[in-house]
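The values are calculated or read from the model by the stated rules, or taken from the named source; none is laboratory data. Please read all numbers here as calculations on a predicted model, not as lab measurements. Ideal geometry is used to build each Cβ from the backbone, glycine not excepted, and the neighbour counts take in all protein chains shown. Accessible surface is based on the protein model in full, side chains and every heavy atom, while ligands, DNA and RNA are left aside. Shrake-Rupley method; radii C 1.70, N 1.55, O 1.52, S 1.80 Å.
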Amino acid sequence: MKSSPFDYHRPESLAEALSLFAEWGEEARALAGGQSLVPMLAMRLARPAVVVDLARIPELRGVARTAGGWRIGTMTREVELERVAGLPPIIAAAISHIGHFQIRTQGTVGGSLVHLDPAGEWPALSMLLEATLELASSRGSRRLSAREFALAPMLAALEPDELLVAVELPDCGGPFGFEEVERRPGDFALVGAACHGASVVAFGTGRVPQRLTGCEAHMAAGGGSGLELRKLAEDEMEAHGDIHASAAYRRQVGARLVERVVGAAAAA
Amino acid sequence: MNVEISLAVNGREWAGEVEPRLTLADLLRDHLALTGTHLGCEHGVCGACTVLLDGQAARSCLTLAVQADGRQVTTVEGLSEDLLPRELFQCGFCRSGFVCSAEALLRREPLPRAVELPELLAGNICRCTGYEPILDALSARLPG
């Protein structure tokens, strides 16, 4: 349970960080809050030659209101976001499910997005709200949709020399539903579902958070949140089984959560 | 390549060279002989290693010592004995983590409500399952 050795850099500007990633590529790992990377280092699931600590880069911090929504710097800690005045309630609700409060003091928005755990709240929220991810490298910058970004479990569409700089969310006030089933409060969700506007997402179920397009079409056609919706969700939901829950359990409970979050979003 | 860091632990400055891979928990225990901070799971689940980092609760097993450079660390040794007295606990292994989490909760504005405690403290595991005296003692200090 001790990490293998690595060299440590703590750049003080984005340009300096990007030149380190340009130099080291796949041998370097970015350290955000460390709540996912440090255990991966300890279990030697990650053995980078170089760790680049992003803690002292001012360009990566902060939350700003934009013309069409919100721009959240990759190094914004969950606890900082919790204190932002006027934060849409769906974001506050999602954050409340992220780990324990002792994790949220250190964990960052960008760290969760890049780590891309299938049960992570930020990947689910980004998919639900159709977030845009701003990436930068010493070659330039580019923007990806959440769908393009989430390639596979624990695999974001980042080139080895690229860094996630910020996430942009559209205006997302108004009614929503966000629910998880977990063994104890703060654990990773066995199953989760969320609904906002005409969008529905299931997470913790498949390889990456899944937009349930069949359910969305059903709602757009005026269908309600009853048994019919649950059946649709069960049919289209990708679900995997593991030591914590079988695929059948995830599909059944996930579909029930879909029914609940759609109901909550409609009733509010 | 070792890195020079300096930090304040329980109000006392410490400076030295550390390996980048050293966790804050191991720095406290092995280099500063502050063995009140305990290591259980070493991946952030059990809560035994919880300390205060700049006044906020954090897992010292999920924090590298280099990340604590320039910051204030408070461990169980720097907190009041009366907050959660020893006799509330059976084996006591989890106590330091509970004390640091409790201190962080008591510093919050607004204070959490007593009824919220079981969920808030879900990040600290007591393997003796002696939760009730711990929760009762802390509840007594909180509103409703």
For the range A:41-82, enumerate the residues that are within 19 Å of the chain's Cα centre (by Cα) and among the basic types (Lys, Arg). A:Arg61, A:Arg71, A:Arg77
Can you tell me which residue is least open to solvent (accessible area, probe 1.4 Å) among those in the range A:144-196 that are of a type in the set (Lys, Arg) and assigned by TED's automatic domain parsing to the domain that holds A:His218? A:Arg184
Considering the range A:202-257 alone, what residues qualify as being more than 28 Å from A:Ser145 (Cβ to Cβ) and among the aromatic types (Phe, Trp, Tyr)? A:Tyr249
Filtering the range B:70-95 down to residues that are out of contact with any Leu (no Cβ under 9 Å at 6 or more places or on another chain), surrounded by 15 or more Cβ atoms within 10 Å (Cβ to Cβ) and part of a helix (DSSP H, G or I) yields B:Leu88
Among the residues that make up the range A:163-180, is at least one of them in a loop (DSSP other than H, G, I, E, B) and either of a type in the set (Lys, Arg) or at positive phi (or both)? yes
Quickly run through the range A:197-234 and pick out the residues that are in contact with a Ser or Thr (Cβ under 9 Å, 6 or more places away or on another chain) and either surrounded by fewer than 24 Cβ atoms within 10 Å (Cβ to Cβ) or assigned by TED's automatic domain parsing to the domain that holds A:Trp122 (or both). A:Arg211, A:Glu216, A:Met219
Restricting attention to the range A:83-106, which residues are without any contact (Cβ under 8 Å) to a residue 40 or more places away in the chain and either part of a loop (DSSP other than H, G, I, E, B) or more than 15 Å from B:Glu119 (Cβ to Cβ) (or both)? A:Arg83, A:Val84, A:Ala85, A:Gly86, A:Leu87, A:Ala92, A:Ile98, A:Thr105
Residue count, the range A:250-268 (criterion: open to solvent by 70 Å² or more (accessible area, probe 1.4 Å) and either touching a residue at least 24 places away in the same chain (Cβ under 8 Å) or outside the structural domain of A:Arg211 (by TED's automatic domain parsing) (or both)): 6
For residues in the range B:129-139 being open to solvent by less than 40 Å² (accessible area, probe 1.4 Å) and within 12 Å of B:Cys94 (Cβ to Cβ), which is nearest to the chain's Cα centre (by Cα)? B:Ile134
What pairs can you find where one residue is in the range B:44-55 and more than 8 Å from chain A (Cβ to nearest Cβ), the other is open to solvent by less than 30 Å² (accessible area, probe 1.4 Å) and among the small types (Gly, Ala, Ser), and their Cβ atoms are less than 6 Å apart, with a gap of 6+ or different chains? B:Ala48/B:Gly97; B:Cys49/B:Ala25; B:Cys49/B:Ser60; B:Val51/B:Ser60
Just wondering, is there one or more residues in the range B:115-126 that are at pLDDT below 95, surrounded by fewer than 16 Cβ atoms within 10 Å (Cβ to Cβ) and among the aliphatic types (A, V, I, L, M)? yes
Find the residue count for the range A:32-45, including only residues that are crowded, with 18+ Cβ neighbours inside 10 Å, assigned to a loop (DSSP other than H, G, I, E, B) and more than 8 Å from chain B (Cβ to nearest Cβ). 3
Can you tell me which of B:Val99, B:Val66, B:Val76 is within 13 Å of chain A (Cβ to nearest Cβ) and in contact (Cβ under 8 Å) with a residue 40 or more places away in the chain? B:Val66
Of residues in the range A:89-101 being buried (at least 20 other Cβ atoms within 10 Å of the Cβ) and out of contact with any helix residue (DSSP H, G or I) (no Cβ under 6 Å at 6 or more places or on another chain), the one nearest to A:Leu190 (Cα to Cα): A:Gly99
For B:Leu111, are the conditions met, namely being modelled with pLDDT under 95 and open to solvent by 30 Å² or more (accessible area, probe 1.4 Å)? yes
Looking only at the range B:55-69, how many residues end up being open to solvent by less than 20 Å² (accessible area, probe 1.4 Å) and part of a helix (DSSP H, G or I)? 3
Go through (1) at negative phi; (2) of a type outside the set (D, E, K, R); (3) touching a residue at least 24 places away in the same chain (Cβ under 8 Å) and name the single condition B:Cys41 misses. (3)
Looking only at residues that are assigned to a loop (DSSP other than H, G, I, E, B) and under 19 Å from the mean Cα position of the chain (by Cα) in the range B:110-127, which one is farthest from B:Leu53 (Cα to Cα)? B:Arg127
